[in-house]
């Protein structure tokens, strides 16, 4: 009996240590994704190594998948994580589209870039307002479609740069532009849908502020 008790105590200590560390793992992965963004931009724009930039983007995408998985599996979902996770995604996506616009504005033009940036800034502002007022933002059911379009567009663009080069991007620019403009419209529409889904909550927030 005396042998079993210390063993159980040791197991509890190990479980406690694991739970404390796993608690911070999702947010740590999110911060890693944010830190990887300037590295990706550096290799894509300033060092002309799109392969490395693409690999970093893939690694960042993997951290995006795992932070949500661990948060749900170990029930360590936090308000900070719920805010930072989509923000990290927006920082990465907008940064890459800015790079594409800077390097290949015949494919990613100012209209595509503006719609994507406006939508992400708009949704982030709504999220910040609702977080500040202790309201949970209703997630748009079609936001997954936006994510799919953006991931496909970024991957296709990276692969075109790596394997096709400037000549391919010049010759096939109209097809790539169709993909980019479709991505921009889907992205913009999901922003409108976010507003519609959260309209009643926002109306209550602003009505309360006016009355107070």
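The values are calculated or read from the model by the stated rules, or taken from the named source; none is laboratory data. As the structure is a computational prediction, the values presented were derived from the model and not from experiment. All Cβ positions, even for glycine, are placed from backbone atoms using ideal geometry, and neighbour counts span all protein chains on display.
Test residue 114 against the stated conditions and say whether it is more than 21 Å from residue 58 (Cα to Cα) and assigned to a helix (DSSP H, G or I). It is true that residue 114 is more than 21 Å from residue 58 (Cα to Cα) and assigned to a helix (DSSP H, G or I). Scanning the stretch 171-184 for residues that are surrounded by 13 or more Cβ atoms within 10 Å (Cβ to Cβ) and either in contact with a strand residue (DSSP E or B) (Cβ under 8 Å, 6 or more places away or on another chain) or part of a helix (DSSP H, G or I) (or both) yields 173, 176, 177, 179, 180, 181, 182, 183, 184. Does residue 206 meet the test of being without any contact (Cβ under 8 Å) to a residue 12 or more places away in the chain and surrounded by fewer than 20 Cβ atoms within 10 Å (Cβ to Cβ)? The answer is yes for residue 206. Of the residues screened, residue 91 is not one that is in contact with a helix residue (DSSP H, G or I) (Cβ under 9 Å, 6 or more places away or on another chain) and either farther than 28 Å from residue 52 by Cα or assigned by TED's automatic domain parsing to the domain that holds residue 188 (or both).
The set of residues from the stretch 63-96 being free of Cβ contacts under 8 Å to residues at least 24 places away in the same chain and under 17 Å from residue 149 (Cα atoms) comprises just one member, 65. Applying the criterion of being without any contact (Cβ under 8 Å) to a residue 40 or more places away in the chain and surrounded by 15 or more Cβ atoms within 10 Å (Cβ to Cβ) to the residues of the stretch 148-162, the residue that is nearest to residue 193 (Cα to Cα) is 149.
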